[in-house]
Structure formats: structure tokens, C-alpha cells
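Below is one structure, written out as C-alpha cells; the observations come after it.
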Amino acid sequence: MEDLIAQFSFLSNQALQDKSFDPATIEDLMKLFEIEAYKSWAAVELEQQQEVEAAEVAMQEAEDYMDSVMESAMDEFRRFEAEMEAISKAELDSLVATAESARKMGTFMENAATIASKRYIEAALNSATASMKSAWKGISTSKEATAESARKEGSLLFVVVPFLLFGEKDKRQGG
């Protein structure tokens, strides 16, 4: 292109100085400029096309890499999710087992308290019965006057013992 510009400068100077200069020579030079311009344009287009193709290849590589990284991240997330789910399930199972154990212990303690209270009531009744039998024995062996006063005391026991056993419970319950 520089050669064409130098040639054009030379012909322009010659056209100014020489009156018999043929303008067709400049037209031939202009055709060469046009051809050179098309060649430059084609070269630029080719270079641009190559750059576009290189950019597309780089873009595809970047997309492939991104897809690979995303797939890897999703796999890691799925593994993490499965691991967390397993840990959560194990913890839930542990809590359920602990709750079930506590429920069984509560049931056992309730049954033990029920049995203990029944035995306490039986022991209290047996003690009251033994006291009453002892009192009646004492009454039957004593004299008639002593027997009469013991009966009064014995009948008093029949009123006092049930009140002691059941009356206090009724007071606590509001009755």
C-alpha cells in the first residue's frame, strides 16, 4: 500500500508538471488502490473471522468448564445433603429412642408408685385391723365395766381409723 501511495505521489507531481500526461495511468493506479483495499478488507475480515472462531472456541471451553464445575458442585451438594439427612435421621432416631425410654421409665415409676401406695394402704389397714383385734381381745378378757368402756373406745377406733386413712386424702382433694 505504501508503494502505491508513493507511486500516486509521483504520478500526481508528474501530472502537475507535464501537460501531456495521460490520466489513464492514474486510473490504472486507482484500480490497483481498489484491489489493494479489497485485499486489506478481505484480510481484516479473515482475521476477524478467525478471532470470532477463537472467541467461540474459548467461550465453549469456558462453558464446558463452568458446566463441569457446576456439576461437581451439585454432586458435592448432593453428597452433603445426603450426609446431613443421614445425620439428622440418626439424631431424630436417638431422640425418639430417648423419649421412648423416658416414657417407659415414667410408666414404670407410675406403676411402682401405685404399687407402693396400695401396699401402704394395705399395711395401714392391717395395722388398724390388728389394733382393733387386740382391743377386742382386751375387752373380752376384762371385767364387765372395763368391757363397757373398752367397747366405747373400740367403737371410737372404728370411726378414727377410717378417717385417718381416708379423711386426709379427701381433704387434699378438696372434698
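The values are calculated or read from the model by the stated rules, or taken from the named source; none is laboratory data. Because the structure is predicted, anything quoted here is derived from the model rather than measured. Cβ placement follows ideal geometry from the backbone for every residue including glycine, while neighbour counts extend to all protein chains displayed.
Residue-wise test of (1) at pLDDT below 95; (2) exposed (fewer than 10 other Cβ atoms within 10 Å of the Cβ); (3) under 30 Å from Asp3 (Cβ atoms).
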residue	(1), (2), (3)
Phe33	yes, no, yes
Glu81	no, no, no
Ala97	no, no, no
Ala112	yes, no, no
Tyr120	yes, no, no
Ser127	yes, no, no
Ser134	yes, no, no
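Do we have any residue at all in the range 8-17 that's loosely packed, with under 10 Cβ neighbours inside 10 Å, modelled with pLDDT under 75 and either in a loop (DSSP other than H, G, I, E, B) or not β-branched (Val, Ile, Thr) (or both)?
Yes, some residue in the range 8-17 is loosely packed, with under 10 Cβ neighbours inside 10 Å, modelled with pLDDT under 75 and either in a loop (DSSP other than H, G, I, E, B) or not β-branched (Val, Ile, Thr) (or both).
Within the range 18-27, track down each residue that is surrounded by 11 or more Cβ atoms within 10 Å (Cβ to Cβ) and in a helix (DSSP H, G or I).
Matches in the range 18-27: Thr25, Ile26.
Anything in the range 27-85 that is of a type outside the set (A, V, I, L, M) and either touching a strand residue (DSSP E or B) at 6+ places or on another chain (Cβ under 9 Å) or under 30 Å from Ser12 (Cα atoms) (or both)? List them, or say none.
The answer is Glu27, Asp28, Lys31, Phe33, Glu34, Glu36, Tyr38, Lys39, Ser40, Trp41.
Any residue that is touching a residue at least 12 places away in the same chain (Cβ under 8 Å), under 30 Å from Glu2 (Cα atoms), of a type outside the set (Phe, Trp, Tyr) and surrounded by 10 or more Cβ atoms within 10 Å (Cβ to Cβ) - is there at least one of those in the range 37-46?
Yes, that holds for at least one residue.
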